[in-house]
1. For the protein assembly as shown, take the convex hull of the Cα atoms, compute a quarter of its surface area, and give me that in nm², please.
2. Specify the longest stretch of chain A that does not include any exposed loop site, a site being one of the GluC sites (Glu not before Pro) with a non-H, G, I, E, B DSSP assignment and at most 14 other Cβ atoms within 10 Å.
3. How many times 2.2 N^0.38 Å is the alpha carbon radius of gyration of region A:124-175?
4. Dimensions of region A:134-266 along principal axes (Cα, Å, largest first)?
5. Let me check against my output: what whole-number percent is the relative contact order of chain B, with C-alpha pairs under 8 Å and at least 6 apart?
6. Would region B:87-151 count as rounded, prolate or oblate if I go by the C-alpha gyration tensor, calling it rounded below 1.5 in a/c and otherwise prolate when a/b exceeds b/c, oblate otherwise?
7. Given the options B:Gly203, B:Gly64, B:Gly222, state which has the largest fluctuation in a GNM of chain B using a 10 Å cut-off (strictly under) for Cα springs.
8. Counting residues in region A:240-359 as N, plug N into 2.2 N^0.38 Å and put the Cα Rg over that result.
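Just so it is clear, none of the values below were taken in a lab; they were calculated from the coordinates. If you're wondering where the values come from, they're calculated on a predicted model, not measured in any experiment. Counting neighbours? That spans all protein chains shown, and the Cβs are built from the backbone with ideal geometry, glycine included.
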Amino acid sequence: MKKQLCILLFCLLLIPCQASIAVEEKSKPMKVGFLCVGPINDNGWNYAHNKGRLYLEKNMPGQVTTIMAESVPESAEAERVLEKMIAQGAKLIFTTSYGYLDPDMRVAARHPDVTFMQVNRPYAEKNIGTYFSWQYQPMYMAGVAAGRMTKTNKLGYIAAHPVPPLMQAINAFTLGARSVNPKVTTKVIWINSWSDPPKEAEAIKGLVESGVDVIGHCQDNQNTVAKTAESLGVYCTGFYNDAHELAPKKWLTGACLDWGPLYVQITKSVMNHTWKSESIVKGMEGGYIKLSSFGPAVPDKVRKEIKSIEDNVKNGKMVVFQGPLKDRDGKLRLAAGDKADFKWLSEMVWFVPGVEGALAAK
Amino acid sequence: MADPFIVAVLAGAVRSGTAVLYAAAGEVITERSGIINLGLEGIMLVGAVSGIAIASITGSPFIGISAAFVGGGLLGLVHAILSIRFQANQIASGIVLTILGGGLSAFFGIAYVGKQINSFSAVKIPFLGDIPFIGSIFFNHDIMVYGTYILIPLLAFLLYKTKLGLAIRAVGEDPDSASAAGIRVSHVRYFATIFGAALAGMGGAYLSLVYAQGWIENMTAGRGLIAVGLVLFAGWDPLKAMFGAYLFGGAQSLELRLQAIGTDISPYILGMIPYLLIIIVFTIGTIRQRKVNTGSPTALGLPYNPNK
């Protein structure tokens, strides 16, 4: 009897306690965490995510506070930082690099009340959702610009790791270039790092020596690529962010991420409990990925040509990866009439004809 | 012989090796005095960021390089105070410097990411630059590369032919005897540690000011550690360090150019080339050192207590 009374009293004690927590949660702004693999001022990938974070803060004042962790390696360190963010009260965490999925899954299993948004992976379960945008679409258009501007018909591509999203970009870039100039080839150089500026600079020198006159890239940090191309007098295209000011003469165009509206949408859905685990993937029609501004070197005729491709891609009249599509070894990868879906795209580990460079998998 | 591909690879080797060479040459001097400084990675980063910061403020890459020399030297002073004045464990102090330098440079570097700076451009040396093969490999670079052509022989001269060099080697081999002979062990070690770190700072500034033309966090990507390794490989000799640095640079230059001409070798295998080469060369070096006794300074890494 005494024991039961104790339990009853204890429960009574808990009621106001819980009520106060609930009230507090309503009035307190929600904490949203962001995990970035590099510094947020890289003018590229991490910059774009931070831009989205600032947009979120600006558009939901008083409702959210954010925590940013920069330069977190894709290792057990990420797990530690995630745990720390959760201890600080984060209820929603955006993990903004490809390799965070594994630490994400482990931490997510321990904290079912926290929502995770993992970029770039076709994977969703329980409290992990994923989001991504088709960067290959504007890269196709950048390829058109490159194909029109090249004099040597040799394009170069500085690439970080042979992962499907980057393969999509390289293939789309080459398809775009060859759609207007079938003689074009793209030489790919793997840096094996998301950011290694000295190696990137040397790689561009190597490409230019071999006759390349347009450089495409997908490094997280755009500073080195754009400046080296400018100083060597070759054109460059951008990735992740509009960085035309880095190469005032030689910039063509590129892909530019705009995560802000998506971050607001996801945060609101977590707040009013309508969030469900899904893969949010959109192309240019979604507005999360855009075409960068044109550099002064791009003539009006080419700008118009690219703008009309942009319109067609946006309204669905044109698809970048369209069957029949063969890889460079002649194997049919997409049959005539078939459409590229998320699964097909996320398994892209091959090159289209015209791409020169080693493949990680055969 | 004058195949453009080979010329390009070798010219790239000199360019890629130069940053590591500054750091390795500095470390040779430091280690010869008996102090091991594992903090080169952090020191290079501090050099890289101070170079960019001062160059973008003053507009002069020369002042930027000087600032990197001072910045690296200041971190060297920290290491010297810890390991000479307080006789701390030099390995631990070096690791502390690596982390400290990484943090400091990231913190102060934020304002300088993407900053436009005036850089040194490649200047072909008249006459020498026209020599076939050799000319395009060695004499068509920027002024920092040419700097090493003077610096390295000078360092060798300093080490082997001057009184100061003799003092540095003496305190590195046997500080007690050196002290008995009237050499002020701590003074010599302070000089060698600060000077060595200052050179590493210049190596870092080469990366940010000339090579990549911009600052980004952690941009040395392990080159400071490579430099420490090269000192062992070079048998604590400045000229051999030059060879080692070019070997490392060459491996990287080769890797990237093999990709540019379109080989079908896995990029991962190619990426391993610089490190594989270093392991192979280390092994050979170690075996040779066992036969010929030109190894490490005897008092390397040992704290010296003058009052014992």
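1. Working: hull surface 155.4 nm².
So the Cα hull casts an average projection of 38.9 nm².
2. Details: sites that count: A:Glu278, A:Glu347.
It runs A:1-277.
3. Normalised Rg, Cα atoms only: 1.46.
4. 46, 33, 29
5. Relative contact order comes out at 37 percent.
6. Oblate, because a/c is 1.5 or more while a/b does not exceed b/c.
7. The residue that fluctuates most here is B:Gly222.
8. Computed over Cα atoms of region A:240-359, the ratio equals 1.32.
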